[in-house]
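**Q** Pasting in a structure now, in structure tokens, and then I'll have a few things to ask.
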Amino acid sequence: MASLLSVKNLSVSYGPAQAIFDVSLTADAGEVVAILGANGAGKSTLARAISGLVPSSSGSVEFDGADITGKLAHQIRRAGLSYIPEGRGIFPGLSVIENLRMAVAQERRAERGPAIERAIDMFPILGERRHQRAGSLSGGEQQMLALGRVLAVPPKLIIADEMSLGLAPIVTESVFQSLDAARQQGITIVLIEQFVHRALSLADRCVILGRGAVTWSGAAADAGPEVLESYLGAGTELSA
Ligand code: ATP
């Protein structure tokens, strides 16, 4: 069976500076694929290119049986691929409920209310804080809002970019549990994470990037200490 997401020989440049070199990877339906790599290795650029937020210079991206290379970000979102950017991707000046309303604005009118209720059922804190400005929520609550926005209308695949950045360990754990719950609903997850061991505990497979290229890929269970040490190098935070 074809993969849900299939990235083939993708390259991305920022002006004259190439950030991604000939990267290929796949994610099958229901899988969690971790993308690991040192700071600046190109993880966010790869995620942004897949999501249509930066153009690729060559290569292709197929999603759910369609070629989405060069499509606009909102078209890719519509096709069922949601990107949660590093830094949360919420509107800090709007209230919680306004953030949720914006997330479902593209849905048919009759489906918007139930979609918002679904997000609040998943993360009841969003209901309690519905009139609070999103920017005044705690870091963990902001990530719940980011996830609630995405899961209100469940996508087929989520790319979660460093959702644990800046969160306390206990809050990080609840973010991971929410991602695990999404996976149990059948949502495919591409997980970009600084907490390598926690990411690997959730992941089926792992792709390691170094200087914009794939340096290792394989089963998460095979990404043992030697692999991580050789391909991620010193200075990478290995545990939550
Ligand atoms: P981090 O973990 O620090 O977020 P990353 O692995 O996600 O790193 P990217 O942010 O994708 O890496 O960066 C990859 C390379 O592209 C780096 O050399 C970075 O300086 C460069 N880069 C990223 N964004 C831009 C941009 N908007 N313009 C120019 N260069 C950029």
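The values are calculated or read from the model by the stated rules, or taken from the named source; none is laboratory data. Source: prediction; values computed, not measured. All Cβ positions, glycine included, derive from the backbone under ideal geometry; neighbour counts span all protein chains shown. Areas reflect the complete protein model, heavy atoms only, side chains present, ligands, DNA and RNA absent. Shrake-Rupley method; radii C 1.70, N 1.55, O 1.52, S 1.80 Å.
**Q** Round to a whole number: what % of the accessible area of the chain belongs to carbon and sulfur, probe 1.4 Å?
**A** Carbon with sulfur: 51 percent of the solvent-accessible area.
**Q** Ignoring ligands, DNA and RNA, what accessible area per residue does the range 94-216 give at 1.4 Å, in Å²?
**A** With all protein chains present, the range 94-216 gives 42 Å² per residue.
**Q** For the peptides 204-217, 84-97, what is the packing order when you average, over each peptide's residues, the other Cβ atoms within 10 Å and list the highest mean first?
**A** 204-217, 84-97
**Q** Check each of the GluC sites (Glu not before Pro) in the range 134-237 and keep only those in coil by DSSP with at most 15 other C-beta atoms within 10 angstrom; list them in order.
**A** For GluC sites (Glu not before Pro) across the range 134-237 that sit outside H, G, I, E and B with at most 15 neighbouring Cβ atoms in 10 Å, the list reads E237.
**Q** Here's something else I'd like to know. Using helices alone, what [θ] at 222 nm do you get for the chain, with -39,500 (n - 2.57) per DSSP H run of 4 or more residues, divided over all residues and rounded to the nearest 500?
**A** Taking each H run of at least 4 residues, the total per residue is -10000 deg cm²/dmol.
**Q** Count charges around I35 for me, please; just the other residues with Cβ under 12 Å from its Cβ, Lys/Arg as +1, Asp/Glu as -1.
**A** -1
**Q** What list of ³J(HN,Hα) couplings, whole Hz, do you get for the range 220-231 from phi and the Karplus terms 6.51, -1.76, 1.60, once you set θ to phi - 60° and write x for glycine and proline?
**A** 4, 5, 8, 7, x, x, 5, 4, 5, 5, 6, 9
**Q** Along each of its three principal axes, how wide is the spread of alpha-carbon positions in the range 1-144, in whole angstrom units, largest first?
**A** Reported extents, whole Å, longest axis first: 46, 34, 26.
**Q** Relative to the Cα centre, what is the charge dipole magnitude of the chain, using +1 at the beta carbon of each Lys and Arg, -1 at the beta carbon of each Asp and Glu, and rounding to the nearest 20 debye?
**A** It works out to roughly 920 debye.
**Q** Which ³J(HN,Hα) values, rounded to whole Hz and listed in residue order, are derived for the range 170-183 from phi using the Karplus coefficients 6.51, -1.76 and 1.60 in 6.51 cos²θ - 1.76 cosθ + 1.60 with θ = phi - 60°, glycine and proline given as x?
**A** Those phi angles translate into 5, 6, 4, 4, 6, 5, 4, 5, 5, 5, 5, 5, 5, 4 Hz.
**Q** Return the long-range amide H neighbours of L36 (sequence gap of 5 or more, or a different chain), with a cut-off of under 5 Å between placed amide H atoms.
**A** V207, I208, L209
**Q** With the Cα gyration tensor of the range 85-154 giving a ≥ b ≥ c as the square roots of its eigenvalues, does the rule (a/c under 1.5 for rounded; else a/b larger than b/c for prolate; else oblate) give rounded, prolate or oblate?
**A** Details: a/c = 1.64, a/b = 1.51, b/c = 1.08.
Prolate.
**Q** Can you give me the distance in nm between label points at R108 and E226, each placed 7 Å from the Cα along the Cα-to-Cβ direction?
**A** 5.7 nm
**Q** Right, another one. Across the range 147-158, in residue order, what do the Karplus-derived ³J(HN,Hα) couplings come to in whole Hz, using 6.51 cos²θ - 1.76 cosθ + 1.60 with θ = phi - 60° and x for Gly and Pro?
**A** Running phi through 6.51 cos²θ - 1.76 cosθ + 1.60 with θ = phi - 60° gives 5, x, 4, 6, 8, 4, 10, x, x, 7, 9, 10 Hz.
**Q** Right, something else. Please compute P(r) over all alpha-carbon pairs of the chain, binned at 10 Å starting from zero, and give each bin as a whole-number percent.
**A** Here the calculated profile for the chain is 8, 32, 36, 20, 4, 0.
**Q** Okay, moving on. Over the chain, what is the percentage of antiparallel beta bridges among all DSSP beta bridges, to the nearest 5?
**A** Taking every DSSP beta bridge within the chain, about 55 percent pair in antiparallel fashion.
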